[in-house]
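A quick write-up on the structure given underneath.
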């Protein structure tokens, strides 16, 4: 094994939420402004490099 | 690394020396502004290859659990942390933390499963496909698209819309989206610490889809060592994993199971190539 290199093994976090507000029931967290996501990712030390979405969810490829 | 945002669910998966757990507090804060309350949290990872390079709070699993405990609201009172060992591959232990509130604890059920695959010692010739040609003049998106095709990743789920990216000088990430289901692949191809991961979700009613998908994903890399974590509420999905990997010359060396709040059953299996 190399003494040092890029760490491939990922850390994975899943958070589930609930809400009673019908206005948010369709989009919920998908309404988070992109700036807010970037702010969160800044804490993690990542940035968005590519993105795609459909009717159900949004998917982002991140740096690192 | 990848981020998936559903209306009431967020999944973040990051590699390298990222500080993933630092996302918890700001995510809870932003969700509250949308009148959304956290009901469950799950954190998983394998064994780091370079643990001494990890920054706080990822310096040890104990440190991570302390950080998680302190970051989560008190109403997520059902909590469990466990390291699931692999007797034969101590380098592939599986670390799991989960927490949920009372509602989720009592009423949790799901027809979906999550499969997380970690592969090391990739076939060198296949790993080479994830290196960019010096001076290729391509964007990360264009180079990523090329890697998706030449590696065969595009054939794992032909129905999926793929979002891919190639890093410079090497490395690759993709997200696949197919209806409400995601899949994701990350590759670190450098010899000596080569690594690839595959993750997908599926329904327990999908029949042999998991077997087909796993076979195709693992064939892209032909790794010498594989670990598979299967999470389901109430189904023996894990039993299908060996059926997918053993025809590829991988033999199951260990199998560990445990129960977690808001997750159900987590089964952790390790495989090594018969040629080794």
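Among B:39, B:218, B:228, the largest mean-square fluctuation in a Gaussian network model of chain B, built with springs joining Cα atoms closer than 10 Å, belongs to B:39.
In what sequence do B:268, B:4 fall when counting other Cβ within 10 Å, fewest first?
Ordered by Cβ neighbours within 10 Å, fewest first: B:4, B:268.
Relative to the longest principal axis of the Cα atoms of chain B, helix B:24-33 runs at roughly 60 degrees. For the protein assembly as shown, the convex hull spanned by the alpha carbon atoms encloses 126 Å³ per residue. Cβ crowding within 10 Å, taken as a proxy for footprinting-reagent exposure, orders B:84, B:119 from fewest neighbours to most as B:84, B:119.
The angle between the Cα long axis of helix B:61-71 and the main principal axis of chain B comes to about 50°, on a 0 to 90 degree scale. Normalised by 2.2 N^0.38 Å, where N counts its residues, the alpha-carbon radius of gyration of region B:212-276 equals 1.14. Looking at region B:99-212, what % of the alpha carbon pairs are farther apart than 16 Å? Tail of P(r) above 16 Å: 65 percent of Cα pairs. Taking other Cβ atoms within 10 Å as a rough exposure proxy, A:55, A:42, B:30, B:186 sort from fewest to most as A:55, A:42, B:30, B:186.
Against chain B, whose longest principal axis comes from its Cα atoms, helix B:209-219 is set at around 50 degrees. Computed from the Cα positions only, the extents of chain B along the three principal axes stand at 51, 40, 40 Å, in decreasing order. The Kirkwood radius of region B:1-108, taken over pairs of alpha-carbon atoms, gives through the Stokes-Einstein law at 10 °C and 1.306 mPa s a diffusion coefficient of 106 µm² s⁻¹. Note on chain A: with a GNM built from Cα contacts shorter than 10 Å, the maximum mean-square fluctuation among A:15, A:29, A:41 falls on A:15.
Annotation for residue B:83 and residue B:139: the two label points, set 7 Å from Cα along the Cα-Cβ direction, are 4.4 nm apart.
Read-outs throughout are calculated quantities, based only on the coordinates presented, and are distinct from any laboratory measurement. No experiment lies behind these values; they were computed from the predicted model shown. Note that each Cβ is placed from the backbone with ideal geometry, even for glycine, and that neighbours are counted across all protein chains shown.
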